[in-house]
1. Identify, from the list 269, 279, the residue that is touching a strand residue (DSSP E or B) at 6+ places or on another chain (Cβ under 7 Å), in a loop (DSSP other than H, G, I, E, B) and farther than 19 Å from residue 201 by Cα.
2. Report yes if residue 245 is modelled with pLDDT under 90 and part of a strand (DSSP E or B), otherwise no.
3. When residue 82 is evaluated against the numbered criteria (1) at pLDDT below 80; (2) surrounded by 12 or more Cβ atoms within 10 Å (Cβ to Cβ); (3) closer than 28 Å to residue 108 by Cβ, which criterion, by number, is the only one it fails?
């Protein structure tokens, strides 16, 4: 991400987004005054698919009690809201170059919304902080804590708290045994009982979900521009679990997850915002503070083909990357 934008954590608040609107509505309809946070949470109700089919708003907003309809509010937002763009008018340029797709398809149906689980997003461009590892298991950042929520039981439990001192309980080469204090988490990844959290100062914290304590802590860089933008956990082509960390210091670092050793450090001329490895583990899609999205050989780092997130299709022939402007571009190989 752009270094100038790195610490503007209040960006989204300045925009007056929907979450602020929802909170204002809740406070207005529940009295607000005299209620502590626990009371506010326990008075919120979930929304089921059956209730949604009967007309209840999926976000729980009581439109019938407001002086504006959902349709009118949506129209006003579309007319007035402006997305942040690194390059002025870049959205219009993309619209002209890319094929416009027909809208109207129904790919998903609403199932359930719980208002009791609230993730915390510190920076408007860093949102890889919610992970679903199954149909009913969700991991998320809430303030300084990594939380686990089960949609089956409705239980919300703390996995790891970064508000205080976090230090490794295992010994591995390169691990910072002194750990970290009050780490602000910028990105999160959870897969196959492994959790990796990245911080705004280049911190990486690794934990096995089936073990007590933390397995590994390291600081990837002491560069002034050291934000860990994204982490991807994957099965390596030759076997074993690995992860890649994309950093604002213009690097991608690959670690194994058995001994937590740094295996590769690929360098780029611009901050790397996100990487995604192909299903066959041979190619890595790389996007960052540049107009080009790259395809890189996962074994040697060689760029094979010349945006904020990227993701491969399971068919291996298609990958997508998203832009600040909330559009998705598709590339077919």
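The values are calculated or read from the model by the stated rules, or taken from the named source; none is laboratory data. This structure is a prediction, so every number in the text was calculated from the model and none was measured. Cβ atoms come from the backbone with ideal geometry, glycine included; neighbour counts cover every protein chain shown.
1. Numbers: 269 fails: touching a strand residue (DSSP E or B) at 6+ places or on another chain (Cβ under 7 Å).
Within the list 269, 279, the selection yields 279.
2. Numbers: modelled with pLDDT under 90: no; part of a strand (DSSP E or B): yes.
Criteria not met by residue 245.
3. (2)
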